[in-house]
Amino acid sequence: MKQKLIFTNLVGEAIDTLVGELGNPQVVVVADTNTAQFVLPILRNDSKAVADARFISIKSGDANKNLDELQTVWRELSAMEATRSTIVINLGGGVVSDLGGFAAATFKRGMRCINVPTTLLAAVDAAVGGKTGINFNGLKNQLGSFYEPDAAIISTIFFNTLPEQQILSGYAEMLKHGLLENPDTLAKLLKYSPVYPVFDSAALMPLLEANVLVKANIVDKDLTESGLRKALNLGHTIGHAFEAYSYEQKSPIAHGYAVAWGLVTELVLSDILLGFPSETLHQFADYVNKNYGAYPITCDDYPALIAAMRQDKKNTNPSDINFTLLEAVGKPRIDVVVSDDKIKAALDIYRDLMHLA
């Protein structure tokens, strides 16, 4: 894997070291409006490279991960006379990593970039693995590329200022990685509390490092998602449908929450189709219900949810819906085609497990 992973809370020092190793070229920081207000001033004090850098601001929120904001970054890079040797530092959450990474991948056919995630979700998901992209035509991540940054600097120093919802959103991706790794890893994650007032960012760091390496090891074997990397889609076929439907209903839910509920439902499918252990399913569903609540769906919502699943970019045939499922913790099976009737049955059981029915 091209991408260097640096786990440290001395973020400014790590940035300066990396920029020096890359020859001290022009540096451009891309950050959203929230990160620019709360994080950028800290790093300007801690990093000479950031203090001297040019700055590009994009709008906050997943709704702004779009072509208009991408064009803003391209125009600003052009006005700055950025070159292929310019380093783009993507400072922020997943929107910044995805959009800034896509801008770096495409401007002058590829610039160097460094991801500095400031949210837990970005640290375990968007900042690592080389997927970049934007939303398009009302659908998530429809335009993008596989383009690895030179490095990602993973820290927990910014997490204590995050709203609880953002911590939980990132932790859902960590739970997914635990399900893909082994029972011991999952057990450690299910013992940790990501909610306030017991949330402890220092205690999170070793869990986070081990978790990121689960994804990195998978990406190292399959950067372009031709096989093994599809395992990382666990929970996302239904999770993305929940998320897209929530936007359609004008009541958007956070990505990580959608993934948490998607994981429960896809573990139900795993139980039905592959014999995934019911005891683990119930333990996992109880943890999600306790920490995330439930996405309140009824059987009337099923047609719209299934229609959204048919739009999933992982599908290879318009008539099929593909899933990554689990035979057991640590034993994924990719490209499992599931019928509409089985999906509806899984949604029924999801509602039972989450005390909605």
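Is there a residue being under 19 Å from His355 (Cα atoms) and out of contact with any Lys or Arg (no Cβ under 7 Å at 6 or more places or on another chain) anywhere in the stretch 223-240?
Yes, there is a match, as at least one residue in the stretch 223-240 is under 19 Å from His355 (Cα atoms) and out of contact with any Lys or Arg (no Cβ under 7 Å at 6 or more places or on another chain).
Residue check, Tyr257 against (1) within 17 Å of the chain's Cα centre (by Cα); (2) open to solvent by 30 Å² or more (accessible area, probe 1.4 Å); (3) modelled with pLDDT under 95, all met but one. Which one?
So Tyr257 meets the others, but not (3).
Give me the residue from the stretch 87-120 that is open to solvent by 10 Å² or more (accessible area, probe 1.4 Å) and of a type in the set (A, V, I, L, M) and, out of that set, nearest to Ile56 (Cα to Cα).
The qualifying residue nearest to Ile56 (Cα to Cα) is Val95.
Consider Tyr295 carefully, then state whether it is in contact (Cβ under 8 Å) with a residue 12 or more places away in the chain, closer than 18 Å to Glu173 by Cβ, open to solvent by 20 Å² or more (accessible area, probe 1.4 Å) and in a loop (DSSP other than H, G, I, E, B).
For Tyr295, the condition - in contact (Cβ under 8 Å) with a residue 12 or more places away in the chain, closer than 18 Å to Glu173 by Cβ, open to solvent by 20 Å² or more (accessible area, probe 1.4 Å) and in a loop (DSSP other than H, G, I, E, B) - is met.
Name the one entry in Leu207, Leu232 that is at pLDDT below 95, hydrophobic (A, V, I, L, M, F, W, C), buried (at least 23 other Cβ atoms within 10 Å of the Cβ) and within 16 Å of Glu173 (Cα to Cα).
None of the others qualify; the one that does is Leu232.
Going through the stretch 321-346 one residue at a time, which ones are charged (D, E, K, R), at pLDDT 95 or above and either under 20 Å from Leu179 (Cα atoms) or touching a helix residue (DSSP H, G or I) at 6+ places or on another chain (Cβ under 7 Å) (or both)?
Matches in the stretch 321-346: Glu327, Lys331, Arg333, Asp340, Lys342, Lys344.
Taking the residues in the stretch 63-86 that are crowded, with 18+ Cβ neighbours inside 10 Å and charged (D, E, K, R) as candidates, determine which candidate is farthest from the chain's Cα centre (by Cα).
Looking at the filtered set, the residue picked out is Glu76.
The values are calculated or read from the model by the stated rules, or taken from the named source; none is laboratory data. Predicted model, so just to flag it, every value in this text is computed and none were measured. Because the Cβ atoms are built from the backbone with ideal geometry, glycine has one as well, and the counts that use them run over all protein chains shown. Just so you know, the surface numbers come from the protein's heavy atoms only, side chains and all, with ligands and any DNA or RNA stripped out. Shrake-Rupley method; radii C 1.70, N 1.55, O 1.52, S 1.80 Å.
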